[in-house]
Structures are given as structure tokens and as C-alpha cells.
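Read through the structure below, which is laid out as C-alpha cells, and then see the notes.
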Amino acid sequence: MKIFAINHINRKILNLLCSIPLFYLILIQSSCAPSRNSEDLIIAGAGKIKSLDPAQANTMRTLQLISALGDTLYKVDNNGLLIPQLADGLPEIRNEGLTIDIRLKKNVFFHDNTFFNAKSMKFSIERFAEIGTLNYLINDRIKNIETPSTHLLRINLTRPSSSLVGLLTSINLTPLSPDSYSNYKNKFLNKNFIGTGPYKLSSFQEQHQKITPFDKYWGKKPLNSGINFISLNNSSSLFGSIRTKEVDVLLSNSLEDIQILALSRLTKRKLLNEGVGSAIEIGYITLRSDIAPLNNILTRNALAYTFDRELISKKVSFQLREPLRSIIPPTLNKYSQPIWPKYNISKAKKLLAEIGYCKGEKLIIPITFRSNVPADKLLALTWKEQIRKDLSDCITVKPEGVESTTVYKQLSKGSFTTVILDWTGSYPDPEAYLSPLLSCNKIINEKCLDGEAVFSGSFWGNEDIQQALNDSEREIGPKRLETLNNLEKMALEGFAYIPIWIVRPRAWSQINITKPQFEANGLIRMDLLKRIKE
């Protein structure tokens, strides 16, 4: 097993790792007293990082780390404006929307000291289109990519695609060094990363990554001398680590809501700093629409009236998770009003009675929750109790816990009647929420046979929705938003999903560390974190 270079690791992280799992005792052997660089920071979160390949990355923790190791062509600020990063100006759209020209910054180095240019960006996009786990985002939109000059990237499209510009802000399209990835054009490079970002990777293990500032970075240098990015096994370990000052910064992923509330209260007492980002993660329930009992639209419609979101928010999250009646985050769809049904037991009962329930026959509904996500279980149990109280003569809810990895593997196989999930778009745009839930390449009688609606577990497809998705690609500005708003109204007619809540990302730092600052994509700026001299 590869051993960390001890003289580069912070004393606090070693004390923490030495006190928790046996894995780390083996990993660092008997050395728990290294020298300490006081400027190095420890950031903790949940979940192992098994791959640092942006073509494979799909967890917020992995994307958080890659965001420090790489850059994107553009970012979206908190006002929704496109901000050039590696691009040297805004994209130029020509040829009736079929050509996008992007000029690139000069004198930008990769971590292997090779130059970033149009050919390396072309290599990275084409590699993602070939092997990316989310390559449906590109799908068949790109006809080819040209490099007319060293720092000019030309993307030729098969059809106009207004959402493609937003896709260029996605961390999954972070440029990689063609030299370092020459043997990985068609396969993933999991344990290394060679990008252009403010940090370079110094060491990698699934539960501990060390990054240090890149001395040839083109932009502003990080305010700290390096970061240890660690994973702890459960919410109790995470919560305890920030309370006992074993870590400098804590990410909110996988914390229980009562722990988030406790940390927020410590912030009010000025014992911690808390950063809160824009709400971009939606929590929802997928209904499998192609088999009984949910192949009846009236049944799905009835269930949509049975969720008291305000009660659920209060009981599950102490109102930290805000009620949501849309599958698009409000920050990305400011012109749309909530459209999913409000809680209404009388309407639910009326619909159920129409199809033969509530008269001696009950609708049996299994609801699958991810057993390693605390809020999921509380949501399932709260709904079960609510149904028992209000609709016991009509519905019986049967919660079942399944580990999240298994849930994701089984979704497209149709293993779940209903399942609690969450989603954060790959880039901040309404289309990044609608397409992954609703797009479908082959539809027969409103059953999706091939497409994202299969992978989402709903198996519901609609030809008009697919046409609206295509139409939106030819539009920009308010007209495009209007089309997407109408598209969500069409989705409501299928009741294949029930949005429940919206979640704000949070992070806490010790009082002697600067407050975490969030970007529009829900990730913190690790380069802005620094120790405050007392």
C-alpha cells in the first residue's frame, strides 16, 4: 500500500486519522508526529473519491475537489451571468446558431508544464463525448470541433443548441493535458489529475487527497499553502470533527439535519463561520409509471396530493430543507410559479375512490429510501405516518431502505415502484434538470424505452416534451425560459415525479479560518480559504 509522505501532512489530520479507522493506522504505520505547516488546511466531507477523472465524476465531493484542480471555459456567477475563465471573452455564435467560436487565454499551463490551447480543449471535449458517464449532455449536438488557430476553438453543431454554452461551465468538461492523458483517451484515469487549476494533486487515496498550490497558475494564487481533503465515515464523525477542531472546514454533505441545525446555532454564537450557497439540489420522488399500480395516471395524480411539504420540512429538517413544487430550482426559473399540487387529502381521496380504492381495497405503495441518507428515511416514515393518519382506509405505505449505490445501479432496471432521490444539475441551467428527468429517445404509448427517463426510474416519455426540449435549443433569453416553463407544465401532466424540497449547500469553518464562499454551482472556493492571524 502506498504510504503518504509524512512530512507534508498536517499534525491534526494525522491525529484524527490515527484515532478513527484501522485503515489509516496501517496507511501511516506508526508515524503520528510529523512537522506541521500551519497554513495547510483540513477540509472534511463524506464519501470516498474513487476516481478523479472529470469524465466520470458525478458526486459533489468529487466535483468539489476537481474544481480546485482544474478550470472550465466559463463560470456562471450568482446573477446568472457567464464569466470567462479559460476562455478569453464570451462565445461568438455564428452561422444561424450552428457555429460557436471561443477564443482562449494564452500562457496557461497544465500541471505537467505543457501549454493549454485549442487542441487540448478539443481533446478534452471529444474524450468526454466518447467515454463520459454523462456524455448524453452532449449527445449528438456536436458535429465536429476545429482549431483554426492555436487559441481559437470552433465548435460546429448538428443543430442550434443554446444550452451548450451553459454546458461549457460544467466541471465534467474541465480540460486535461493531452500529453498526460495520451494513454487514457478511451479509458478513465482514476488516481491522478493533470489540469490547469490553482492547485495540483500531491497525493491520492480514496479517503485522503492532498493538494498544493500550482506555481504556474495563470490566475490569482490560493490564499493557503495547501489542503488535505479527507473523508470521514459517518455523520457523527463529521459533526464531531468540526466541534473538536480536528478539521478546519466541514462540508454539509451527509450530515443529519439536526447536526446542521446545531452547527448553525454555533455560528450564531460566533463559535463557527457558516457559508450558505444557493439552493440548487432538488429532492424528489420518482414514480415508476409503466407498471401497476402506478401505470394509472389517476393513481399518480392522487399521490401528488398526499405530501404535506411544510410538515415534512418541519419534521425532517427543522425547516432547513425548503418545500418545493417544481423540478427546477427557483433560482434558475425566476419567471415560473410553483405548479405541482399542494397537499389536499380530499382531492387525493376523490381520485383514489374513482379507481376503486377507499372502499375496502387499499393502494399498497412501497417507497424505497437510500438507507445511508438520513433525511430519506425520515421522509419515508413521515409520509407513512401522515398517510396512516389521513388516508388509512385508502393507502398503505411500506418503506424499504436500500444502500444508495445499489439504488443507482437498479434504477434503470425498474426495480423500484417509488424511490426517494435528489439531483443537482451538471451546470446551472433549467435544462440541466429537465433533460435528465424527461428526455427520451424512443417512446411508445408514453413509455420510455431508451433515454434519460429510463435511467431516472420513471420510464415515462412524452413526444411533445421531447419536441419542446429540442425547440428550446433553438431559442435564447426569455423565449427559451418560456419554452422551458411550458415544458415543466407538460411534465406535470404525467405525474412521474413529485418534487419535495430544495436544499442549500452549507459549509463551516473554524473561527480562525475565513468564511466559506459558494459559487453558483454549489461548490466552495477552496482557494479563498485561509487562516486568520490572531
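Per-residue 3J(HN,Hα) values for the range 339-352, derived from phi via the Karplus relation 6.51 cos²θ - 1.76 cosθ + 1.60 with θ = phi - 60°, read 10, 5, x, 7, 4, 7, 5, 5, 5, 4, 5, 4, 5, 5 Hz in sequence order (x marks Gly and Pro). Counted residue by residue at 0.36 nm each, then reduced by the alpha carbon distance between them, the extension gain from residue 156 to residue 233 reaches 23.2 nm. As a proxy for reagent exposure, 455, 193, 116 were ordered by neighbouring Cβ count within 10 angstrom, fewest first; the result is 455, 116, 193. Ranked for footprinting exposure by Cβ neighbours inside 10 Å, fewest first, 250, 201 give 201, 250. Entry for the range 74-173 at q = 0.12, 0.18 Å⁻¹: log10 I(q)/I(0) = -0.37, -0.88, Debye formula applied to identical alpha-carbon scatterers, no solvent contribution.
Working value for the chain: equivalent-ellipsoid semi-axes of 39, 31, 19 Å, each the square root of 5 times a Cα gyration tensor eigenvalue, largest first.
For residue 98, no residue 5 or more places off, or on another chain, has a built amide H under 5 Å of its own.
Annotation note: chymotrypsin sites (Phe, Trp or Tyr not before Pro) in the range 275-382 located in DSSP loop regions with a Cβ neighbour count of at most 12 within 10 Å are 335.
Annotation for residue 83 and residue 442: the two label points, set 7 Å from Cα along the Cα-Cβ direction, are 4.4 nm apart.
The residue 295 and residue 98 beta-carbon pair, evaluated with R₀ = 60 Å, returns a calculated FRET efficiency of approximately 0.90. Distance between the pseudo-spin-label points of residue 464 and residue 258 (7 Å out from Cα toward the beta carbon): 4.7 nm. Calculate log10 I(q)/I(0) of the range 209-339 for q = 0.17 Å⁻¹, where I(q) comes from the Debye formula with a single equal point scatterer on each Cα and nothing for solvent. Result of the Debye calculation: -1.09. For the range 470-479, backbone phi angles converted through the Karplus equation (6.51, -1.76, 1.60; θ = phi - 60°) give residue-by-residue couplings of 5, 5, 4, 5, 9, 10, 9, x, x, 4 Hz, Gly and Pro being listed as x. Within the range 138-171, none of the trypsin sites (Lys or Arg not before Pro) combine a DSSP coil assignment with at most 12 other C-beta atoms in a 10 angstrom radius.
If you plug the beta carbon distance of residue 314 and residue 133 into 1/(1 + (r/R0)^6) with R0 = 51 Å, you get a FRET efficiency near 0.90.
Taking the helices alone, the chain has a mean residue ellipticity at 222 nm of -8500 deg cm²/dmol, built from -39,500 (n - 2.57) per DSSP H run of at least 4 residues and averaged over all its residues.
Here each label is just a point 7 Å from Cα along the line to Cβ, and for residue 405 and residue 186 those points are 2.8 nm apart. By the compact-protein rule of thumb, 2.2 N^0.38 Å, the alpha-carbon radius of gyration of the range 281-503 corresponds to a ratio of 0.97. Put in line by how crowded their Cβ is, counting other Cβ atoms within 10 Å and starting with the fewest, 411, 492 read 492, 411.
Sparse packing (at most 14 other Cβ atoms within 10 Å of the Cβ) combined with a DSSP loop state is found for the following GluC sites (Glu not before Pro) in the range 389-432: 403. For residue 42, nonlocal amide neighbours, meaning residues 5 or more places apart or on other chains whose placed amide H falls under 5 Å from its own, are 228, 248, 249. Karplus-derived 3J(HN,Hα) values for the range 175-188, using 6.51 cos²θ - 1.76 cosθ + 1.60 with θ = phi - 60°, are x, 10, 6, x, 5, 6, 10, 4, 8, 10, 5, 10, 8, 7 Hz; glycine and proline are entered as x. Taking amide H as placed 1.01 Å from N in the peptide plane, residue 200 has its amide H under 5 Å from the amide H of 212, 214, each at least 5 places away in sequence or on another chain. Paramagnetic label reach from residue 532 (point 7 Å along Cα→Cβ; backbone nitrogen cut-off under 14 Å): within the range 241-270, residues 267-270.
Distance between Cα centroids, the range 358-383 to the range 240-306: provide it in whole Å. Comparing the Cα centres of the range 358-383 and the range 240-306, I get a distance of 17 Å.
Each value in this text was obtained by applying a stated rule to the coordinates, not by laboratory testing. These numbers were taken from a predicted model, which means no experiment stands behind them. In this analysis, Cβ positions are derived from the backbone assuming ideal geometry, glycine residues included, and neighbour counts consider all displayed protein chains.
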